[in-house]
Amino acid sequence: MADRADLDEARVAFLIAPSFDHIAVQWGIWRAGGIGVPLPMGSPASDVDYFVRDADASAVVCDAQYASMVAPIAKSAGAALFTTDDLLRAPVRQESESGDFPIDGARRATMVYTSGTTGRPKGVVATHANIAAQIESLVSAWEWSAADRTLLVLPLHHVHGIINVVCSALWCGATLEVLPRFDADATWDRIASGELTVFSAVPTIYHRLIQSWESATAEVQRGRSSGCGAVRLMMSGSAALPRQVLERWREISGHLLLERYGMTEVGMALSNPLHGERRPGFVGSPLPGVSIRLVDDRCEAAPDGQPGEVQLKGAGVFSEYWRRPDSTNEAFKNGWFLTGDIAIRENGAYRLLGRSSVDIIKSGGDKLSALEVEDVLRTHPAIAECAVVGVDDPEWGQCVCAAVETRAGCALSLAELREWAKPRLAPYKIPRDLMCVSKLPRNAMGKVIKPEVTAFFAPPAPPERQAP
Ligand code: MCA
Ligand code: AMP
């Protein structure tokens, strides 16, 4: 592989913590003509094995500390293994130091794994042209410039971190600082320095930053709040921004967070304005280069104020799900990408109402399939049947909760289940609450009634008393 002049769209998977090394490896893969497949940090070996095989990766690059976990996987998948030390600390060959290099926009550039309702995660393939369109849209809408300085606190296996932070900053020569993982105090230190101008995060991170601010001394609080004054743009996305977070953040920082809406398959689609009125609870209007329509359940255009599915078109929309032509076909109708998100439009701005499937859960900005978790839980020896739901939570947005029917004579605790799940599920997919029930609620067809399962964990508030 090292001797090939052009990787010719070979997949290179990489398990590297957010860092200069991570970004250098991604750029190296692009320059060499490969497809970069960033893997989630904290993945259990079973997930790494799945990603490497599904992507049919020719090579895996990892931080040295993961080499012993990755080596047997790479070997059995027939992929070469490199550590970042092997690649980045090796002497640079003269011929690879050339300046500009041609990239054909139609060439496939990245594959980011995402969960759908059914099956295991799918690789979302974006071409160089898709990525360029996604970045140019944001650079223009949010007026990124070389004078900006931002801090990455997000993982780099998601579009939010890759496109909205890293690529947008580097596209226009802005300064990018990188934390290997989110840390509330370290993030506040950098905001308090007064050097940052742009900041983007998910609601759970703002929730954590608020908690950290609340527990600081009055003097530290003043320094942190004053540092926010230097930031020209603070953004939230990837999950719904709770009203309390928006309001408390405004009091602490003086910023009305700019909320926007995106998806791995399209990059960013809708945004509140940089200048002009930002409407709490709304995700704004289409970003440059994005066309949108709302389609109701009769397959007709939803009028203003009526819910419909968000469907999108634009140069940023992905090219395909890797080696899943059926899923790709199902995801498009007449060239429109069907997001599965339901929204309404009021006075030109869009408000998200939820997803068409209850089986997609968003926890801390990470998306997962309830059905995928159920498939794994059913392999537990004590579990006869189970139902996984997302339950509203002020910190995580939604919490993964499992209701299970245990086998006769078996008992199961949450601690036991979480321990058992660690090598089998990514950390954010592991249930945070468990309820053992004698029978799951089912409808006449025998299908589990998920809203009733959700109510086990979060009983709906009693209806307000009517005045007699
Ligand atoms: C970590 N844990 C989680 C999550 N992340 N549990 C549920 N949901 C999660 N998302 C687990 C940890 O493994 C640990 O488990 C426990 O929670 C507490 O860990 P802690 O250290 O407190 O959490 P953390 O590691 O700091 O992570 C929280 C986080 C992280 C910083 C909010 O989840 C995060 O960076 N989320 C952002 C994801 C993101 O970028 N999404 C964008 C995708 P244990 O207690 O067992 O050890 S959407 C996208 O890209 C589209 C295009 C868009 O619109 O933006
Ligand atoms: P992902 O597939 O991980 O890229 O997540 C994309 C999904 O996150 C979208 O389809 C939405 O359901 C959700 N999402 C993104 N931004 C927002 C937002 N501002 N408010 C509510 N949901 C959002």
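No value in this document is a laboratory result; all are computed from the given coordinates. Predicted, not measured: the structure shown is a model, and the values here were computed from it. Positions of Cβ are generated from backbone atoms using ideal geometry, with glycine treated the same way; all protein chains shown enter the neighbour counts.
Which far-off residues, 5 or more places away or on another chain, put their amide H under 5 Å from the one on Arg11, with H placed in the peptide plane?
Ile35, Ser58
Can you list the lysines whose alpha carbon is less than 24 Å from that of Lys75, not counting same-chain residues fewer than 8 positions off?
Partners within reach: Lys122, Lys422.
Taking the Cα centre as origin and putting +1 on Lys and Arg beta-carbons and -1 on Asp and Glu beta-carbons, what dipole magnitude results for the range 1-127, to the nearest 20 debye?
340
Fewest first, what order do Leu353, Leu196 take by the number of other Cβ atoms within 10 Å?
Going from sparsest to densest Cβ surroundings: Leu353, Leu196.
Please go through the range 247-305 and write out the trypsin sites (Lys or Arg not before Pro) that DSSP classes as loop and that have at most 16 other C-beta atoms within 10 Å.
Arg298
Could you state the number of Å between the C-alpha centres of the range 399-463 and the range 332-384?
Their Cα centres are 18 Å away from one another.
Output ³J(HN,Hα) for the range 238-254: one whole-Hz value per residue in order, computed from phi by the Karplus curve 6.51 cos²θ - 1.76 cosθ + 1.60 with θ = phi - 60°, and x for Gly and Pro.
Computed from phi, the couplings for the range 238-254 are 5, 7, 5, 8, x, 3, 4, 5, 4, 6, 5, 5, 5, 5, 6, 10, x Hz.
Kindly provide the pair-distance distribution of the range 243-343 built from C-alpha pairs, with 10 Å bins from 0 and whole-percent values in order of increasing distance.
Cα pair-distance distribution for the range 243-343, in percent: 14, 39, 30, 14, 3.
Which residue, Leu368, Ile449, Val159, has the largest displacement toward the positive end of the dipole of the chain when charges sit on each Cβ (Lys, Arg +1; Asp, Glu -1)?
Toward the positive end, the furthest listed residue is Ile449.
In debye, nearest 20, what is the charge dipole magnitude of the chain about its Cα centre with +1 on Lys and Arg Cβ and -1 on Asp and Glu Cβ, if you could check?
700
With a cut-off of 8 Å between alpha carbons and a minimum separation of six or more residues, what is the relative contact order of the range 1-124 in percent?
In percent, rounded to a whole number, it is 27.
Projected onto the charge dipole of the chain (+1 at Lys/Arg Cβ, -1 at Asp/Glu Cβ, origin at the Cα centre), which of Tyr50, Ala192, Val283 gives the Cα projection farthest towards the positive end?
After comparing all options, I get Val283.
Report the percentage of all Cα-Cα pairs in the chain whose separation exceeds 35 Å, rounded to a whole percent.
The calculated P(r) of the chain puts 34 percent of pairs beyond 35 Å.
Please state the relative contact order of the range 41-188 as a whole percent: Cα pairs under 8 Å, 6+ residues apart?
15
Just check the range 97-156 against the gyration tensor rule for me: Cα atoms, a ≥ b ≥ c as the square roots of the eigenvalues, rounded for a/c under 1.5, and otherwise prolate or oblate depending on whether a/b exceeds b/c.
Taking the square roots of the gyration eigenvalues as a ≥ b ≥ c, the range 97-156 is oblate.
Along the charge dipole of the chain, Cβ charges K/R +1 and D/E -1, which of Leu257, Ser327, Pro307 sits furthest on the positive end?
About the Cα centre, the residue reaching furthest to the positive side is Pro307.
Where Rh is the Kirkwood radius over the Cα pairs of the range 352-394, the temperature 25 °C and the viscosity 0.890 mPa s, what D in µm²/s does Stokes-Einstein return?
Calculated translational D: 212 µm²/s.
Can you list the aspartates and glutamates whose alpha carbon sits under 17 Å from that of Lys333, skipping same-chain ones fewer than 8 residues off?
Lys333 reaches Glu265, Asp296, Asp297, Glu300, Glu309, Glu320, Asp341.
Per residue, how big is the convex hull of the range 329-421 when only Cα atoms are used? Give it in Å³.
Enclosed volume per residue, from the Cα hull, is 134 Å³.
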